[in-house]
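See below for the structure under consideration.
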Amino acid sequence: MWNYSHVDEFAKRLVPDGLWEIVEPLIPASPKRVQGGGIPRADDRAVFCAIVFVLTSRCAWRHLPPDFGVSHQTAHRRFTEWSEAALWAKLHRAVLDRLGAAGEIDWSRAIVDAASMRAKGGSLTGPNPVDRGKAGSKIHVLTDRNGLPLALGISAANLHDSQALEPLVQGIPKIRSRRGPRRRKPAKLHADKAYDIPDCHWALRERRIGDRIVRRGIESSARLGRHRWAIERTIAWLGGYRRLTLRYERHGHLFAAFLALAAAITCYKKLTNCGKLSLRSSEACGVALPSSE
């Protein structure tokens, strides 16, 4: 086990025990050397904590503080290995499953939007039409009514927002429900005028999802503001993970991995808040919850 005595309090807050309990079973088994021998493999939790630090601080891998007990080469190599094993998407889904089982996902409506950022170059980049044609990428997000990210995507900055709607809807995982089977379809979907094209309307009709896309020349985007604030807040939350404000990764799938990890942590914060509220409610009613041990 990881010895916390060698890690400062900040590192403990980065990866609390509750989050690690979800992450640990999902981490792929470490490869074994056929010839045997070698040095012991760095502790998974220490490496995970270092990766979260890079995500939140925008620290360059080579500037990773030694307090985590792992070298920057090890942290980057393990991040690449886990990204190829789709660990971050699995973690995001695992947290969503817990939220769904607690009844904390509001399927009454979904909201979709996108945001652009500059990129240093690499795959899934293109000239940004709102940044004087400089290289950039775009993140696409689909949330529930309360702003919980359900599906995410990465594209070049010059990809039209509407082209990401159908992949996002298809990308919603089957999430556990408090009652009944798993669910992956919202009752209706809200989007601004950028998504008002025939293919988007057809994709929603085909899946029997209520079409609440603002019509150009017919409806005002101001009506969407009653619901749009939720996804704008979510994009702001994701922007709080400083590694996502400027893309440094040359490989698009690694930037997408950071995005999935940020979404998983965002959902986990909601999960912990739900737990605190449940505890307060139980204490107010004089009910003692069982120990987690």
Exercise for review: Let me know the shape class of region 43-83, please: from the alpha-carbon gyration tensor, a ≥ b ≥ c as square roots of the eigenvalues, rounded when a/c is under 1.5, otherwise prolate if a/b is greater than b/c, or oblate.
Suggested key: rounded
Point to revise | Alpha-carbon Rg/Rh ratio, for region 163-222, with Rh computed the Kirkwood way | key: 1.04
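In the P(r) worked out for the chain, what percent of Cα pairs fall beyond 23 Å?
Details: 25437 of 42778 pairs.
Above the 23 Å cut-off, the chain has 59 percent of its Cα pairs.
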Check your understanding: At 222 nm, what helix-only mean residue ellipticity would the chain give, in deg cm²/dmol to the nearest 500, using -39500 (n - 2.57) for each DSSP H run of four or more?
Key -> -13000 deg cm²/dmol
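Going highest first, how would you order 245-253, 133-141, 205-213, 162-170 by mean Cβ packing within 10 Å?
133-141, 162-170, 245-253, 205-213
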Point to revise | Debye log10 I(q)/I(0) for region 19-129, one point scatterer per Cα, at q = 0.17, 0.20 Å⁻¹ | key: -1.06, -1.21
Revision key, fill the gap. When the chain is treated as a Gaussian network with springs between alpha carbons less than 10 Å apart, the largest mean-square fluctuation among N273, N158, N146 is found at N273
Review point. From the square roots a ≥ b ≥ c of the eigenvalues of the alpha-carbon gyration tensor of region 79-175, which class results: rounded (a/c under 1.5), prolate (a/b over b/c), or oblate?
Key: oblate
**Study point:** Farthest toward positive dipole pole in the chain [+1 Lys/Arg, -1 Asp/Glu at C-beta], among F68, A256, W82
**Key:** A256
Check your understanding: With springs only between Cα atoms under 10 Å, which of A260, A102, A157 fluctuates most in a Gaussian network model of the chain?
Key -> A102
**Study point:** Gain in span if fully extended, L246 to I218, counting 0.36 nm per residue against the direct Cα distance
**Key:** 6.5 nm
Review point. At what distance in angstrom do the alpha carbon centres of region 39-92 and region 112-176 lie from each other?
Key: 24
Point to revise | Most mobile of K188, K32, K90 in a GNM of the chain (Cα contacts under 10 Å) | key: K32
Check your understanding: Protein chains only, probe 1.4 Å: how do D43, D17 rank by accessible area, largest first?
Key -> D17, D43
**Study point:** region 103-257, accessible area per residue, ligands and nucleic acids excluded (1.4 Å, Å²)
**Key:** 49
Exercise for review: Would you work out what percent of the accessible area of region 81-220, with all protein chains in place, is carbon or sulfur (probe 1.4 Å)?
Suggested key: 47
**Study point:** Folded to 0 to 90 degrees: helix 252-284 orientation relative to the chain principal axis, Cα
**Key:** 90
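The values are calculated or read from the model by the stated rules, or taken from the named source; none is laboratory data. Because the structure is a prediction, the values reported are computed rather than measured. Every residue, glycine among them, receives a Cβ derived from its backbone with ideal geometry; neighbour counts consider all protein chains shown. Surface accessibility is based on the protein's heavy atoms, side chains included, excluding ligands, DNA and RNA. Shrake-Rupley method; radii C 1.70, N 1.55, O 1.52, S 1.80 Å.
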